[in-house]
Every structure is written in C-alpha cells, then in structure tokens.
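Below is one structure, written out as structure tokens; the observations come after it.
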Amino acid sequence: MLRKFVSIPALVMAALMIGAPVAQAEGTRVAVVNFAKVLEDAPQAVEANKRLEKEFEPRNRSLVNMQKKLRGMEERIQREGVTMSDAQVRKLENDVRNLKRDIRRTQEDYRDDLNIRRNDELRKLQKRVYDAIVELAKKEKYDVVVGDGVIYAADSADITDQVLKLLSAEAASGTGTAKPAK
C-alpha cells in the first residue's frame, strides 16, 4: 500500500522533468513572485496596519492605564503598608489581586481580538495580491507564475516589483483594481 503513495509522486516528478524542456521549447513564459515581499511591502499592508493601530489604540491605552494603576497600588502597599491597619492592607492586597486578574483577562481578550482582526486583514490582502498577480500575468501573457518554493530565478523572470507597482497604483487611485504598471 505504501508503495503506491511513494510511486505516484515519483511518477509525477518524472513527468514534470521530462515535460519541462518540451514546455520551454514551445515558448512557455514563466514568472516568479516573492509573495512574502509583496505582502510586506504593499501599500495596502501599511494601510491595514494603520487601521488596526487606530482601531485598537483606545483598548491599548486602557490597558496601559490599568497597569499604571496597579503599579501605584503596589507602591502604596510598600510605602504605607507599615502604617496601615491589617484590614486596610488586606483590602488593598485583595484589590491588587483583582486588578491583576482583570489586566490578564483584558490582555488576553485584546490579543485574541487583535489576532482575529489581523488575520481578517491578511486574508483580504492575500486575496488582493493574488488578484493582482493573476491580472498582471494575463496582461503580460505569462503561462505560469510561481511563488513559494523557488530555488533560483533570474531577475528577468521576477515580477515582484511589477506586482508592487500595480498594488501601489491601486492604492493611489483608491479603487479595488488598477491598470498594471510597467
């Protein structure tokens, strides 16, 4: 049973190796895109990060204020603990524990919500980058565009900068699509 699984990929690889020179001889146009670089450098990625920062800034500020309040309470226990009654110290220590618990819960909720929104923005960006690559490939009449897993590609086959120009033109125009830039 295992032999079938091993031999099928081997046959596919052999067929690709045999077919590759034939495809090249027929004038197949191949391009390479550094998808990670496009995701990092696209103006849409910068805008998405700014939106996330703006959206989560009030919650981050609230967390910082909670932490400042906690530090103040802890400092008060150290400073005035010896002059306070046992009941006052216990109450303040209890308040510190409760605030620490609230901070941990708030931080966890903040991280979860931020990750959900970041993933949502990333999905949107990945879709737009994919669409831009396909749009450029069709315009430039590429037969194959390769992304991850490329061991070597000549600079002439790399269309990463062209994809970034297309996305930059789109961002500048404020629309969902733009004409491919050269």
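Readers should treat all values here as calculations from the given coordinates under stated rules, not as data from a laboratory. The model shown is predicted, which means the values in this text are computed figures rather than measured ones. Neighbour counts run over all protein chains shown; Cβ positions are idealised from the backbone, glycine included.
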Practice prompt. Using the Kirkwood radius over Cα pairs, work out the Stokes-Einstein diffusion coefficient for region 22-80 at 10 °C and 1.306 mPa s, in µm²/s as a whole number.
Written response: 96 µm²/s
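Find, among the chymotrypsin sites (Phe, Trp or Tyr not before Pro) in region 76-182, those assigned to loop by DSSP (not H, G, I, E, B) with at most 14 other beta-carbon atoms within 10 angstrom. Don't jump to the answer; show the numbers that get you there.
Details: sites: Tyr110, Tyr130, Tyr142, Tyr152; in loops: Tyr142, Tyr152.
When the chymotrypsin sites (Phe, Trp or Tyr not before Pro) of region 76-182 are filtered for loop state and at most 14 Cβ neighbours within 10 Å, Tyr152 remain.
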Practice prompt. Please sort by residue number the GluC sites (Glu not before Pro) in region 37-91 whose DSSP state is loop and whose Cβ has at most 14 other Cβ atoms within 10 Å.
Written response: none
Practice prompt. Name the long-range amide H neighbours of Asp158: under 5 Å, sequence gap of 5 or more, or other chain; modelled H, no Pro or chain starts.
Written response: Val32
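How big is the equivalent ellipsoid of region 41-114 along its three axes, where each semi-axis is √(5λ) from the Cα gyration tensor, reported in whole Å from largest to smallest?
Computed over region 41-114, the values are 38, 11, 7 Å.
Tell me, Ser156, Ser62, Ser168 in order of fewest to most beta-carbon neighbours within 10 Å? Don't skip to the end; give the middle numbers.
Working: Ser156 8, Ser62 12, Ser168 16.
With the fewest neighbours first, Ser156, Ser62, Ser168 line up as Ser156, Ser62, Ser168.
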Worksheet, complete the sentence: Calc'd 3J(HN,Hα), region 67-72, phi into Karplus 6.51 cos²θ - 1.76 cosθ + 1.60 (θ = phi - 60°), Hz, glycine/Pro = x, comes to 5, 5, 4, 4, 4, x
Worksheet item: Using just the C-alpha positions of region 32-173 as equal point scatterers, what log10 of I(q)/I(0) does the Debye formula give at each q in 0.12, 0.16, 0.22 1/Å?
Response: -0.66, -0.88, -1.23
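What FRET efficiency would be calculated for the residue pair Val134, Glu53, taking the C-beta separation as r and a Förster radius of 25 Å, to the nearest 0.05? Walk me through the numbers before you get to the answer.
On the way: r = 30 Å, r/R0 = 1.21.
It comes to 0.25.
Could you tell me what % of all Cα pairs in region 89-182 have separations over 15 Å?
Details: 3170 of 4371 pairs.
Of all Cα-Cα pairs in region 89-182, 73 percent lie more than 15 Å apart.
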Worksheet item: Once phi is turned into ³J(HN,Hα) by the Karplus curve 6.51 cos²θ - 1.76 cosθ + 1.60 with θ = phi - 60°, what whole-Hz value does each residue of region 48-60 show in order, with x for glycine and proline?
Response: 4, 5, 5, 4, 5, 4, 5, 5, 9, 4, x, 5, 5
